[in-house]
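In what follows, a single structure is set out as structure tokens and then discussed.
The values are calculated or read from the model by the stated rules, or taken from the named source; none is laboratory data. On a predicted model such as this, the values are computed, not experimentally measured, just so you know. As a convention, Cβ positions derive from the backbone with ideal geometry for all residues, glycine included, and neighbour counts pool all protein chains shown. The area values use the complete protein model at the heavy-atom level, side chains included, leaving out ligands, DNA and RNA. Shrake-Rupley method; radii C 1.70, N 1.55, O 1.52, S 1.80 Å.
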Amino acid sequence: MIRFKNVSFQYTKEQDSLKNIDLTINDGDVVLVCGPSGCGKSSLVRCVNGLIPHYYQGRMTGSVTVGETDVSKTTLRKLSRHVGTVFQNPRSQFFNVDTTSELAFGCENFGIEPRDIEQRINSVVNRHGLGKLMDRSIFKLSGGEKQKIACASIAVEPIDVVILDEPSANLDFAGVCELQRMIESWKEEHKTILIAEHRISYLFPYISRALLMNNGEIVKEFTAGEIRKLSEEELHGLGLRAEEMQDPTDISIDTKDAKKSDEKMVLSNMTYSYKGEQPVFDIPQMELPRGEIIGITGANGAGKSTFLRCLCGLERSCKAVLKIDNELWNNQMRLRNIYMVMQDVNHQLFTDSVLEEVMISQETEDREEALKILGSLDLKEYADKHPLSLSGGQKQRVAVASAIASGRNIILFDEPTSGLDYSHMLQVSELLKKLRDKGKTVIIVTHDIELIKNACTIVIPFARLKM
């Protein structure tokens, strides 16, 4: 049993993140924690895995117990024998450079015999079809593949409580289906599961109940039946993602808004290989329409993120050429003229404040314009905050704000809405449309069905690009 008794928590120099939480979660329950970005979902689950109060500094009152253990009076090491977590950014929880060692790591720390560890790994790998990801470099995995390895590493461990923080954020359709099977297997093992998530429909068959949070409080509790009965409009009104599971490559969108311009970008000789491996893709020549919002969809690990990095000139070994208006752009030219928002935005947050982060992207610093952009993404109140102190969804919006401030005519986004609630997804969607209205070309790698339907004027399955 997990028990919150009148728990409040305030991060150092921040407003309260949790307020007066009284909550009991019984053994074997599967509980969904949902609500808008920054509502306190991650803070709530951090109280269960011990990151609050042992890692994140702040002022905590009340108590949290897991079984008979008071979280504040034990150590993270001891608590880890009972609680496993898949973080919103799985890269932050890896300790090894290869996937097989990562799966073994937790059990090794528990002192489990090597033969038993091998059996546990084989059981999880075979049950969930992860053979292709074994003995791979962590650094060569896509975001979705990293998420799968993080989930598998928890599945291997003999723990009682599983915490998932935005587990579907970087997963493709097949990956979400696999996550469902993993949750189902944990349920069969009578594990207690706590899931903080924006995209919720795929969880409906498994949850015992749902907790809706806002401003650090649990404002409503739903039974599984009650939340399943809510209409799409009602779920959107609560700030929740309501899309049904669907393979984005099967989506047909209304292209009536496409400009159907004759202006094209011509990409030539784009090929890329990791050292000692087969090419990720080989594109002799392809045309992309200008002035559109182009959605690129495809499976985890297909090479979509690598394609964007090559397109914007970040991968120096890729000698592709982009032809625009009879001008040939090599790597250096593309680096100067194309802006990219990465999948892991922590890689591109450099300054000490959100406002500075936006202004550093401007060709000429304009404080008022930067504040206006922040206001359009509900970030103005965080202007003086350090970017890395924000929630995952808020960081994502800061990176989008920086892209808008750059003024570049070609802007690439790698999963720009992966950590966003419904209302902020719509905000990003509207901003992408405004960029297009200004003549910008926007290329988005995404699994987000609602973003595709709301913003994209053209959708291209990545398999068609790889050649």
Search the structure for amide H atoms under 5 Å from the amide H of LEU18, placed 1.01 Å from N in the peptide plane, and list their residues when 5 or more places away or on another chain. PHE9
Among 284-295, 357-368, what's the highest-first ranking by average C-beta atoms within 10 angstrom per residue? 284-295, 357-368
Note on the range 76-125: alpha-carbon gyration tensor, axes a ≥ b ≥ c; rule is a/c under 1.5 for rounded, else prolate if a/b larger than b/c, else oblate; result oblate
Using the structure shown, select from LYS19/LYS220; LYS5/LYS187; LYS41/LYS380; LYS146/LYS304; LYS148/LYS304 the pairs with a Cα to Cα distance greater than 19 angstrom. LYS5/LYS187; LYS41/LYS380
With θ taken as phi - 60° and the coefficients 6.51, -1.76 and 1.60, list the Karplus ³J(HN,Hα) couplings across the range 353-359 in order, rounded to whole Hz; mark glycine and proline as x. 8, 4, 4, 4, 4, 6, 5
For ASN214 and ASN409 in one chain, what is 0.36 nm times their gap in residues minus the Cα-Cα distance, to one decimal in nm? 66.5 nm
The alpha-carbon center of the range 15-56 and that of the range 206-243 are separated, in whole Å, by 16 Å
Under 5 Å between amide hydrogens, which residues at least 5 positions from VAL31 or on another chain qualify, with H placed 1.01 Å from N in the peptide plane? ILE193, LEU194, ILE195, SER208
Please provide three numbers in whole Å: the alpha-carbon extents of the range 298-421 along the principal axes, with the largest listed first. 42, 35, 21
To check you understand DSSP bridge types, tell me what percent of the beta bridges within the chain (both residues inside) are antiparallel, rounded to 5. 50 percent
Specify the inter-centroid distance of the range 172-205 and the range 381-425, based on alpha-carbon positions, in whole Å. 27 Å
First check a/c for the range 19-124, with a ≥ b ≥ c the square roots of the eigenvalues of its C-alpha gyration tensor; if it is under 1.5, answer rounded, and if not, answer prolate when a/b is larger than b/c or oblate otherwise. prolate
HN-Hα J in Hz across the range 328-343 - Karplus 6.51, -1.76, 1.60, θ = phi - 60°, x for Gly and Pro: 9, 9, 7, 4, 5, 5, 5, 4, 7, 10, 10, 10, 10, 9, 6, 5
Highest to lowest packing among 110-117, 1-8, scored as the average C-beta count within 10 Å: 1-8, 110-117
Roughly how many Å² of LYS146 are accessible to a 1.4 Å probe, to the nearest 10? 40 Å²
For the chain, which whole percent of the accessible surface, found with a 1.4 angstrom probe, sits on carbon and sulfur atoms? 45 percent
Interchain or long-range residues, amide H under 5 Å from THR271's placed H: ILE283, LYS319, ALA320
Could you give me D for the chain, from Stokes-Einstein at 25 °C and 0.890 mPa s, where the hydrodynamic radius is the Kirkwood radius over C-alpha pairs? Units µm² s⁻¹, please. 106 µm²/s
FRET efficiency, 1/(1 + (r/R0)^6) with R0 51 Å, evaluated for ASP262 and HIS54 via beta carbons: 0.25
With every protein chain present, what is the per residue accessible area of the chain (1.4 Å probe, Å²)? 45 Å²
Determine how large the accessible area of PHE350 is when every protein chain is in place; take a 1.4 Å probe and give Å² rounded to the nearest 10. 150 Å²
Applying the Karplus parametrisation 6.51 cos²θ - 1.76 cosθ + 1.60 with θ = phi - 60° to the phi angles of the range 313-325, what ³J(HN,Hα) value in whole Hz is obtained for each residue in order, glycine and proline being reported as x? x, 6, 8, 5, 6, 8, 9, 5, 10, 10, 9, 9, 6
